[in-house]
1. Consider region 26-41. How many of its residues are open to solvent by 50 Å² or more (accessible area, probe 1.4 Å), in contact (Cβ under 8 Å) with a residue 24 or more places away in the chain and either aliphatic (A, V, I, L, M) or on the phi > 0 side of the Ramachandran plot (or both)?
2. Please give the number of the condition Pro96 fails out of (1) over 30 Å from Leu23 (Cα atoms); (2) part of a helix (DSSP H, G or I); (3) modelled with pLDDT of 80 or more; (4) not charged (D, E, K, R).
3. Does Ser133 satisfy being within 30 Å of Tyr19 (Cβ to Cβ) and surrounded by 11 or more Cβ atoms within 10 Å (Cβ to Cβ)?
4. Taking the conditions exactly as written (under 30 Å from Gln103 (Cα atoms) and either at pLDDT below 90 or surrounded by fewer than 12 Cβ atoms within 10 Å (Cβ to Cβ) (or both)), does Leu64 satisfy them or not?
5. Assess whether Glu90 counts as being at pLDDT 85 or above and over 19 Å from Asp34 (Cα atoms).
6. What residue, among those in region 110-125 that are out of contact with any strand residue (DSSP E or B) (no Cβ under 8 Å at 6 or more places or on another chain) and either among the basic types (Lys, Arg) or free of Cβ contacts under 8 Å to residues at least 40 places away in the same chain (or both), is most open to solvent (accessible area, probe 1.4 Å)?
7. Looking only at region 99-109, which residues are in a loop (DSSP other than H, G, I, E, B) and open to solvent by less than 90 Å² (accessible area, probe 1.4 Å)?
Amino acid sequence: MEQVIAQAAHLLLALAGAYYLALWFALVVWTFQDIQTRTRSVIAQIFATLLVVLFSVPGALLYLLMRPRETLDEQFERALEEEYLAQDLETVDRCPACRRPVQDDFQFCPFCRTPLKQLCISCGRLLRLDWPSCPYCGAVQPAEEPDVTVRERRTPLEAVQRVLERTVSLRERRSESSFPEGPQSTLPPGWSRREETAEPDTSELPRA
């Protein structure tokens, strides 16, 4: 009877040992495969594998706590999403003056009133300011004068400064173009221009 019990105990120990060995081998393989999907660092892969090889189940628990949260595929997908979001933000139309977002059908910026589009003189569709002709009806658009375009695209502060500069320059031109004062009169005091001209003496003329 004791021999049967001893044989059964040896069998159970052998099965437990085989189970533990299989579990240890499976944990080592799973750890090595999992760490390869999470990092490309060879040192990190070797360290994680040795942790499970030396400590088995406790080492696997430590690896679960220390491993990177995202796999390489998840990191790649997140990077693609961030890149797509950045491209979407870059493709959003912005005002060339204040750099605030505007919609595609805006003719003026609602923040700084900078002209963004122009109306076609024929069909009335919104066109870009640099289009010489309408792509919808083919009508040639009138060319804008450079001064008008620059003045319309200025901010209010720049417009006020421009007006002040023009006012100062206009005053300087007027002061330069004013006539010089006439020569001062050399007549004695009490004399006038009318007295300066001598009247003809008619006392010596024969009388009728």
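The values are calculated or read from the model by the stated rules, or taken from the named source; none is laboratory data. Model, not experiment: these values are computed from the prediction. Don't worry about glycine lacking a Cβ; one is built from the backbone with ideal geometry, like all the others, and counts go over all protein chains shown. Note: accessible area is taken over every heavy atom of the protein model, side chains too, but ligands, DNA and RNA are not part of it. Shrake-Rupley method; radii C 1.70, N 1.55, O 1.52, S 1.80 Å.
1. The qualifying residues number 0.
2. Looking at each condition in turn, Pro96 falls short on (2).
3. no
4. Judged against the criteria, Leu64 is not a match.
5. no
6. The qualifying residue most open to solvent (accessible area, probe 1.4 Å) is Arg113.
7. Passing the criteria: Val102, Phe106, Gln107, Cys109.
A quick yes/no check of all residues on (1) open to solvent by less than 80 Å² (accessible area, probe 1.4 Å); (2) in contact with a Gly (Cβ under 8 Å, 6 or more places away or on another chain); (3) in a helix (DSSP H, G or I):
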{"residue": "Ile43", "(1), (2), (3)": "no, no, yes"}
{"residue": "Thr49", "(1), (2), (3)": "yes, no, yes"}
{"residue": "Pro58", "(1), (2), (3)": "yes, no, yes"}
{"residue": "Glu70", "(1), (2), (3)": "yes, no, no"}
{"residue": "Ala79", "(1), (2), (3)": "yes, no, yes"}
{"residue": "Tyr84", "(1), (2), (3)": "no, no, yes"}
